[in-house]
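Below: the structure, in structure tokens.
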Amino acid sequence: GSVMVLGDNAQVQVETYPSGSVKLDVALGVGGYPKGRIIEIYGPESSGKTTMALHAVAEVQKAGGTAAYIDAENALDVKYAEALGVKKDELLLSQPDTGEQGLEIADALVQSGAVDIIVVDSVAALVPRAEIEGEMGDSHVGLQARLMSQALRKLAGTLNRTGTIAIFINQIREKIGVMLGNPETTPGGRALKFYSTIRLEVRKSTQIEDGTDITGNLTKVKVVKNKVAPPFKQIT
């Protein structure tokens with residue numbers, strides 16, 4: 001912690017890593033994902049969130065950086081990751097048993113200063129220890145939100161010091177009983193929304209067809225929040 005005159009440190013150029021998409025780099029306004037910041041990528045299932053995160057990992061590795069992947073969903077497809085350019089032999093992978101363990105591993109990796117990007121896939125799968133060890137009918141309201149809030153308070157400052165990018169993949173849930181406004185929300189409480197420098201909403205657009213075969217999906221990405229450039233840009 002130091003004190004300086006703002007004028008001596010004004011207009012510092014934001015350092016970035018490419019996202020893996022030229023269109024997205026332009027939409028982000030700074031040429032990619034800013035170093036030392038938290039990025040949230042959220043959307044419905046099978047919308048392309050993990051693909052976007054893996055592209056970012058591949059770009060960091062291509063630039064000579066080190067990447068870590070917290071696979072809380074235990075669903076990482078290694079062959080698919082390789083097809084996107086990820087070097088599996090250089091990727092640090094963790095499949096935690098509990099939400100606490102996953103976030104502690106993320107914190108330790110960031111504090112070490114040894115990683116340039118860390119992906120947490122996904123926030124919804126970071127289940128608190130008390131919920132895993134408890135009975136089926138037990139109430140665990142707010143546990144995950146508290147866990148995320150505590151972890152992000154620590155992580156935000158450490159990321160800034162080490163220049164590590166943290167990408168949190170998140171899902172969409174529907175609020176029960178909402179009649180007016182958007183019923184969609186993201187798990188993990190409000191902390192991630194607050195601490196994220198960039199929030200990207202990802203949705204499936206149209207299917208890519210090769211004759212009668214469906215070979216992929218076009219994805220629509222909206223920059224919902226951006227603290228380093230004007231937000232609300234949208235790409236397909």
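Each residue in region 82-103 was checked for being part of a helix (DSSP H, G or I) and over 16 Å from the mean Cα position of the chain (by Cα), and 7 of them qualify. Within region 64-81, restricting attention to residues that are in a helix (DSSP H, G or I) and not aliphatic (A, V, I, L, M), the residue that is surrounded by the most Cβ atoms within 10 Å (Cβ to Cβ) is Tyr80. In region 158-173, the residues that are closer than 17 Å to Gly189 by Cβ reach residues that are crowded, with 18+ Cβ neighbours inside 10 Å and of a type in the set (Phe, Trp, Tyr) with C-beta atoms within less than 9 angstrom, at least six apart or across chains, in these pairs: Phe168/Tyr42; Ile169/Tyr42; Asn170/Tyr42; Gln171/Tyr42; Ile172/Tyr42.
In region 47-73, the residues that are over 17 Å from Val110 (Cβ atoms) reach residues that are part of a helix (DSSP H, G or I) and of a type in the set (A, V, I, L, M) with C-beta atoms within less than 7 angstrom, at least six apart or across chains, in these pairs: Leu54/Ala81; Glu73/Ala125. Among residues of region 113-137 being surrounded by fewer than 14 Cβ atoms within 10 Å (Cβ to Cβ) and touching a Ser or Thr at 6+ places or on another chain (Cβ under 8 Å), the one that is nearest to Lys62 (Cα to Cα) is Ala114. Being surrounded by fewer than 19 Cβ atoms within 10 Å (Cβ to Cβ) and either part of a helix (DSSP H, G or I) or modelled with pLDDT of 90 or more (or both) holds for only one residue in Val3, Val26, and it is Val26.
Among the residues of region 110-122, those identified as within 20 Å of Met52 (Cα to Cα) and at pLDDT 95 or above are Val115, Asp116, Ile117, Ile118, Val119, Val120. Taking residues in region 104-127 that are among the hydroxyl-bearing types (Ser, Thr, Tyr), and partners anywhere that are not in a helix (DSSP H, G or I), the pairs with Cβ atoms closer than 8 Å and at least 6 places apart or on different chains are Ser122/Ala72; Ser122/Glu73; Ser122/Phe168; Ser122/Ile169; Ser122/Asn170; Ser122/Gln171. Reported count of residues in region 196-214, each being modelled with pLDDT of 80 or more and of a type in the set (A, V, I, L, M), is 3. Residue pairs, Cβ under 8 Å, 6 or more apart or interchain, first in region 206-225 and without any contact (Cβ under 8 Å) to a residue 12 or more places away in the chain, second polar (S, T, N, Q) and in a strand (DSSP E or B). List them. As it stands, the answer is Gln207/Asn217; Ile208/Thr215; Ile208/Asn217; Glu209/Thr215; Ile214/Gln207; Gly216/Gln207, since those pairs meet every condition given.
For region 218-234, the set of residues classified as buried (at least 16 other Cβ atoms within 10 Å of the Cβ) and either within 17 Å of Thr50 (Cα to Cα) or of a type in the set (Phe, Trp, Tyr) (or both) consists of Thr219, Lys220, Val221, Lys222, Val223, listed by residue number.
The values are calculated or read from the model by the stated rules, or taken from the named source; none is laboratory data. Only a predicted model underlies this, so the values are computations on that prediction, with no experimental measurement involved. No Cβ is skipped: glycine too gets one built from the backbone with ideal geometry, and neighbour counts run over all protein chains shown.
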